[in-house]
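The values are calculated or read from the model by the stated rules, or taken from the named source; none is laboratory data. Nothing here was measured: the structure is a model prediction, and the numbers come from that model. Here the Cβ positions follow ideal geometry from the backbone for every residue, glycine too, while neighbour counts run over all protein chains shown. Please note that ligands, DNA and RNA were not included when accessible areas were found on the heavy atoms of the full protein model with its side chains. Shrake-Rupley method; radii C 1.70, N 1.55, O 1.52, S 1.80 Å.
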Amino acid sequence: MKRTKAGSISHNVIRRMPRYLRRLDELSESGIERISSKELGEQLGLTPSQIRQDFSCFGEFGQQGYGYNVRALREQIAGILGMDRGFQAILIGVGNIGHALMDNFCFSDWGFHLAAAFDIKPNLIGREFQDVKIYAMEELSEYIHSHRVDVAVLAVPKEAAIPVTQLLTENGIDAIWNFTNVELTGPGSPTIVENIHFSDSLLTLSYFVAERRDENEAKAAKAEK
């Protein structure tokens, strides 16, 4: 597996890699051992040339006339995505979203260990949930300096997003998975932030639903003439 210089791969390519990973997991679970770029493209709505171009950014994975070994390709992509690095994560905010992540999202399946959580609510502090201890926010700085922390998962209320982000960056955390619905960084910021906006996904769906409805209404109107 070929590691490439940061910034040399387009974000569009990087964002397609998890799609490949999920599909390869499904293929492996179905007992499929190899697949061609044509077949993989048909399943993902991509062209074979696009798939080959994406993979060529990281090395040569397939064999002409054979295609790709599903398990081997899956492992190569997992390595590209850093799933073999054993990243350590902490969760800030154990409200509705934070609690749901702890309860329903298996960080370890994706190469992360959720090591600790932090909140301001007295009734949560000191408790353990899914084997993750919840600490007071006052303990955050000390925890970061005494433990390895690669990523902070931010699930605090909107009004707390900026000050908590400042606290994290002041203590050396430069990678944030952000569920606050607040844009945290500006141009040139060294902090790596992946913003999760549920509304963006829903509104994208809304666009396509509206487009489909308009098409159907136009067809119905044309048929009535």
In segment 105-182 the accessible area split gives carbon plus sulfur, as whole percent at 1.4 Å, a share of 53
Probe 1.4 Å, protein heavy atoms only - accessible area per residue of segment 167-215 in square angstrom: 68
Whole number in Å², please: accessible area per residue of segment 70-132, 1.4 Å probe, ligands, DNA and RNA not counted. 53
List the trypsin sites (Lys or Arg not before Pro) within segment 26-98 that DSSP assigns to loop and that have no more than 15 neighbouring Cβ atoms inside 10 Å. Arg85
Nearest 10 degrees, 0 to 90: helix 158-170 Cα axis against the chain principal axis: 80
Indicate the gyration tensor shape class of segment 1-119 (rounded, prolate or oblate), computed on the Cα atoms with a ≥ b ≥ c the square roots of the eigenvalues: a/c under 1.5 is rounded; otherwise a/b larger than b/c is prolate and the rest oblate. prolate
Over the chain, relative contact order from alpha-carbon pairs under 8 Å, at least 6 apart, %: 13
Label of the coordinate-derived value, semi-axes √(5λ) of the Cα gyration tensor in Å, listed as (1) 36, 27, 17; (2) 28, 23, 16; (3) 38, 20, 14: (1)
Only residues of segment 68-110 count here: report those whose backbone N is under 19 Å from the spot 7 Å along Cα→Cβ of Gln43, or say none. 68-81
Lys219: which aspartates and glutamates have alpha carbons under 13 Å from its alpha carbon, excluding same-chain residues fewer than 8 sequence positions away? Glu211
For segment 97-184, run through the trypsin sites (Lys or Arg not before Pro) and keep only the ones in DSSP coil with at most 10 other Cβ atoms within 10 Å of their Cβ. Arg148
